[in-house]
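Below: the structure, in structure tokens.
All of the numbers you see were taken from the coordinates with simple rules; none came from a lab. Just so it is clear, the model here is predicted, and its values are computed rather than measured. Neighbour counts are summed over all protein chains in view; Cβ atoms, including those assigned to glycine, are modelled from backbone coordinates with ideal geometry.
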Amino acid sequence: MADEKNQAALVKQRGKIKGCCTRIKTYVDAVESATPVVRAQIEDKLDMYWSEYDTVQSSLEAIDETEVNDRAAFEEAFYSLCGKIREMLNLGAARSAAAPGPSTSVRSTTEPSIHIQLPRLNLPKFSGKYEEWFPFFDTFNSIIHSNESLNATQKFQYLRTSLVGDATNVIHSLEITEANYEIA
């Protein structure tokens, strides 16, 4: 009976760890590139989750040998995610290197341009929870805040539509103006 309760608690803990990794995967899938700092933060989190998963999974395998199947599936998904993170950083570095600088010549405007239909990006939602902040901030900052074609009023409107729950209440009373975007 004690083993069953312990096993149930371990399965629940393993589920939480998998959920955290799934949220990181969702974030990585949604972002085209990331800075080395962002990549390092994600990798640190993944290292922590891997360590926790390994401890929990080893305990489960000691109780029930059939739990070994979960490890193989998790490892495959985990290593795939680590590869995507490396790819994301390499893609960002390649774009930075390819961006024309002051001394770099820009290609001729007579070359035909190829337009690819990309999927529509949905802005992330932020409810005020700590664990949601990092993915929200990084995505919102790269898509909206750094977008020079948007004025501050438009950016503030996007910010308001991205907030839910308690986070909405913090800026709900502010008028949508350029000055209030900086305050928010």
Fewest to most Cβ atoms within 10 Å: 173, 142, 80 sort as 173, 80, 142
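Indicate the gyration tensor shape class of region 1-93 (rounded, prolate or oblate), computed on the Cα atoms with a ≥ b ≥ c the square roots of the eigenvalues: a/c under 1.5 is rounded; otherwise a/b larger than b/c is prolate and the rest oblate. Don't skip to the answer; put the middle values down first.
Values: a/c = 3.17, a/b = 2.68, b/c = 1.18.
Prolate shape, in that a/c is at least 1.5 and a/b is the bigger ratio.
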Cross-link reach from residue 18 to lysines, straight Cα distance under 16 Å and at least 8 residues apart if same chain, gives 45
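Mind checking region 140-184 for GluC sites (Glu not before Pro) that DSSP puts in a loop (not H, G, I, E or B) and that have at most 16 other Cβ atoms within 10 Å?
Values: sites: 148, 175, 178, 182; in loops: 148, 175.
Qualifying residues, ordered by number: 148, 175.
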Those GluC sites (Glu not before Pro) from region 6-59 that are DSSP loop and have at most 15 other Cβ neighbours within 10 Å turn out to be 32
Karplus-derived 3J(HN,Hα) from phi for region 32-44 (6.51 cos²θ - 1.76 cosθ + 1.60, θ = phi - 60°), whole Hz, x at Gly and Pro, runs 6, 8, 9, 6, x, 5, 4, 4, 4, 5, 5, 5, 4
Expressed as a whole-number percentage, the relative contact order of region 130-183 with C-alpha contacts under 8 angstrom and at least six residues apart is 37 percent
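Note the full-extension length gain between residue 151 and residue 11 as 0.36 nm times their separation in residues minus their Cα-Cα distance, in nm to one decimal. Intermediate values should be presented prior to the final figure.
Numbers: separation 140, 0.36 × 140 = 50.40 nm, distance 4.84 nm.
Contour length minus Cα-Cα distance gives 45.6 nm.
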Counting only residues 5 or more apart in sequence or on a different chain, those whose built amide H sits under 5 Å from that of residue 126 are 163, 164
Per-residue Cβ contact counts at 10 Å, fewest first, order 21, 82 as 82, 21
Taking r as the C-beta separation of residue 68 and residue 161 and R0 as 41 Å, the FRET efficiency to the nearest 0.05 is 0.35
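If each residue's Cβ is checked for other Cβ atoms within 10 Å, how do 181, 49, 79 rank with the fewest at the top? Kindly include the intermediate steps, with their values, before the conclusion.
Details: 181 22, 49 18, 79 10.
Lowest to highest Cβ neighbour count: 79, 49, 181.
Taking the Cβ of residue 54 as the center, what net charge do the other residues with Cβ under 14 Å away carry, scoring Lys and Arg +1 and Asp and Glu -1?
-3
What is the local net charge at residue 7, summed over the other residues whose Cβ is closer than 13 Å to its Cβ (Lys, Arg +1; Asp, Glu -1)? Write down the numbers at each step before the final one.
On the way: positive: 5, 12, 14; negative: 3, 4, 61, 64, 65, 67, 70.
Net of charged neighbours comes to -4.
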